[in-house]
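To start, the structure under review is shown below, and the notes come after it.
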Amino acid sequence: MTRKIIIDTDPGIDDAMAIFLAFNAPQLDVLALTTTFGNVAVELATKNALILSEVAGVNVPVAQGVAVPLVAAPLPPPDFVHGSDGFGNINWPAPKGQADERSAAQMIVDLVHQYPNQVTIVALGPLGNLAKALALDPSIAELVDEVILMGGADKEPGNVSPVAEANIINDPHAADIVFTASWQVTMVGLDVTHRVMINDKFLDNIRQADTDKQCGEFLYQATQFYFNFYQQTFDIEGCYVHDASTIVYAIAPDIFTTTPGVVRVATEGVAIGQTIVATPGKHYAVNFWQDKPVTNVCVGVDSERLLSLIATTFNA
Ligand code: BDR
Ligand code: CA
């Protein structure tokens, strides 16, 4: 049976890879793309989501979501990582299609009720749409199969501050709402995504294999900018596989090892955006973690299997 997923996204070069992977995976049925600010402003995220569905030749609804964080001050979009178009400045032609009239949060609520207990939300950006959907209809927490999110870090240092990962620091209040709601959350954070890397050759193989669509060519072109960022900033050849790792988790969770943890998010001060993971049931002198839901925290990954699943899904 295929797994029904909604992808909440801020495309984004690595979002593009994740979305193409999901479209290509026979194990998944992508019900909708919902967009958020993050790597780019939300209007551009929506345009980019439409471009990705058209490049892949997939007819899927796209709904626009939140433009700013719930409470925190917005951070500027990281155009030095993803380019000012979000796709490494490749200036891909504008999409022909249009977004759905509903908000992302409404689309999430509607689909969860249409398919009770069958929908997994895969979140690849800041978490405002999920927080808004919960506010719109708290009953969805009991009706969602699972929330799999790319974000946060347990033992691994952050990538925006020494402790904060980008998707969480972009809307820490929303992230804290998502981690403390009564749905099953799996956190695919930097502890695992920093263990998985791809390089130019990997994407060139996908490009060569993709003879009937333009996904491989698109990914190859867009990721050159991302590779340059990694080269110049970290002196690394290649890049980490952040967002696509969540899609792999949705297909084959046994590629990862997980540990139960109660996750709270620091919403102010120097630690803003930090995901603080407590051992379930352990008594602390302060009660921020007490009686809160337990998250599945990814702590290990079989990188070779993960990369091979991506390659085979793209027929490479
Ligand atoms: C996350 O931040 C964004 O830049 C990427 O798209 C990914 O979702 C990695 O920290
Ligand atoms: Ca993303």
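Selection within segment 1-15: residues that are under 19 Å from Q118 (Cα atoms) and not charged (D, E, K, R). The member of this set that is farthest from ligand 2 (Cβ to nearest atom) is M1.
Entry remark, segment 2-56: residues being assigned to a helix (DSSP H, G or I), within 14 Å of ligand 1 (Cβ to nearest atom) and not hydrophobic (A, V, I, L, M, F, W, C) number 3 in total. Once segment 227-264 is narrowed to residues that are of a type in the set (F, W, Y) and outside any helix (DSSP H, G or I), the residue that is nearest to ligand 1 (Cβ to nearest atom) is Y240. Per the listing P162, P157, the residue uniquely free of Cβ contacts under 8 Å to residues at least 12 places away in the same chain, out of contact with any strand residue (DSSP E or B) (no Cβ under 7 Å at 6 or more places or on another chain) and either more than 22 Å from I251 (Cα to Cα) or of a type outside the set (S, T, N, Q) (or both) is P162.
Against the test of being within 13 Å of ligand 2 (Cβ to nearest atom) and under 28 Å from I272 (Cβ atoms), the options A41, A67, A73, A18 yield a single qualifying residue, A18.
Scanning segment 103-140 for residues being of a type in the set (V, I, T) and within 13 Å of the chain's Cα centre (by Cα) gives a total of 3.
Rule-based calculations on the coordinates, nothing more; no lab input. All values derive from a computational prediction rather than experimental measurement. A quick note on method: Cβ atoms are made from the backbone with ideal geometry, for glycine too, and the neighbour counts reach across all protein chains shown.
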